[in-house]
Amino acid sequence: MEFIELLLIAVSMSMDAFAVSICKGLSVRKIEPRHMLSVGAWFGGFQGVMPAIGFALTTLFASLITSVSHWIAFGLLLLIGGNMIREALGKEEEEIDGSFAFMTMLTLAVATSIDALAMGVTLNLSGKNIFIAAPLIAVTTALLSPIGLKVGNLFGAKYKSKAELAGGIVLVALGVKILLEGRHVI
């Protein structure tokens, strides 16, 4: 069951990068293999590293948060998932240019992986194995991002908000599950 939960988390966490990849696909006239490799490597790499950093930071402060760990995990998942749902239902569109330059991709990779840092905290608080979770998140994102790029290039922005909405709902549901279990896991 834990692997299924981790896979759901990985897919949900990759939805921001997937959505940005769709927007990138909209802004590029012709998708080339190097574009697909670029979004996969940048987004997958950052989505894998950031949870590990969050996990490590939580370990350093474990003694301070043990008694409220399930509330923190719930709060973070509610915040991350709620934000994804709000963005999916919002009317404002993100402007993303067609550049695959170093600074453009670095900025997008960091922006789409901030939530993954908080997810690393949640993974630690809920007792998940970071050595399975982080690579799974990285690989899932590295595979889904090029698909998003192609989808954006072929179909436009039609699926961007649906992807973010689905990811947000899954994260909120996992947060509620952790809260209802109510166990202190550190």
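Farthest towards the positive end of the charge dipole of the chain, among the residues 116, 171, 143, is the Cα of 143, using unit charges on the Cβ of Lys, Arg, Asp and Glu. On a 0 to 90° scale, report how tilted helix 2-27 is relative to the longest principal axis of the chain, with both axes built from alpha carbons and the result rounded to the nearest 10. The angle comes out near 30 degrees.
Of 50, 38, 180, which is farthest along the charge dipole of the chain in the positive direction, counting Lys and Arg as +1 and Asp and Glu as -1 at C-beta? Projecting each Cα onto the dipole axis, the largest value belongs to 38. Pairs of Lys residues in the chain that lie 8 or more places apart, or on two chains, and have C-alpha atoms under 21 angstrom apart add up to 15. For region 106-170 and region 9-84, what is the centre-to-centre distance using only Cα atoms, to the nearest Å? If you average the Cα positions of each part, the centres end up 5 Å apart.
How much length, in nm to one decimal, is gained on full extension between residue 89 and residue 106, taken as 0.36 nm per residue of separation minus their Cα-Cα distance? Write out the running numbers ahead of the final one.
Working: separation 17, 0.36 × 17 = 6.12 nm, distance 2.64 nm.
In short, 3.5 nm is gained.
Quick one: putting +1 on the C-beta of Lys and Arg, -1 on the C-beta of Asp and Glu, what dipole do you get for the chain around its Cα centre, in Debye to the nearest 20?
Dipole magnitude for the chain comes out near 320 debye.
Sequence-ordered 3J(HN,Hα) estimates for region 169-180 from the Karplus curve with 6.51, -1.76 and 1.60 and θ = phi - 60° stand at 5, 4, 5, 4, 4, 5, x, 4, 4, 4, 5, 5 Hz, glycine and proline given as x.
Counting helices only, and only those DSSP H runs with n ≥ 4, report the 222 nm mean residue ellipticity of the chain as the sum of -39,500 (n - 2.57) divided by its residues, in deg cm²/dmol to the nearest 500.
Per the formula, -28000 deg cm²/dmol.
Remark: region 127-141, residue by residue, has Karplus-estimated 3J(HN,Hα) of x, 7, 7, 5, 6, 9, 5, 4, x, 5, 5, 4, 5, 4, 5 Hz, where x stands for each Gly or Pro and the curve is 6.51 cos²θ - 1.76 cosθ + 1.60 at θ = phi - 60°.
For residue 110, the accessible area of its heavy atoms, probed at 1.4 Å with every protein chain present, is near 50 square angstrom.
Taking 0.36 nm per residue of sequence separation and subtracting the Cα-Cα distance, how much length would be gained by fully extending the chain between residue 155 and residue 71, in nm to one decimal? Provide the component values of the computation, followed by the final result.
Working: separation 84, 0.36 × 84 = 30.24 nm, distance 4.01 nm.
Between residue 155 and residue 71, full extension yields an extra 26.2 nm.
Sorted into 10 angstrom bins from 0, the C-alpha pair distances of the chain split as 11, 39, 33, 14, 4, 0 percent.
The values are calculated or read from the model by the stated rules, or taken from the named source; none is laboratory data. Note that the coordinates shown come from a computational prediction; the quantities given were computed from them, not determined experimentally. Ideal geometry is used to build each Cβ from the backbone, glycine not excepted, and the neighbour counts take in all protein chains shown. These accessible areas exclude ligands, DNA and RNA; they are computed on the full protein's heavy atoms, side chains included. Shrake-Rupley method; radii C 1.70, N 1.55, O 1.52, S 1.80 Å.
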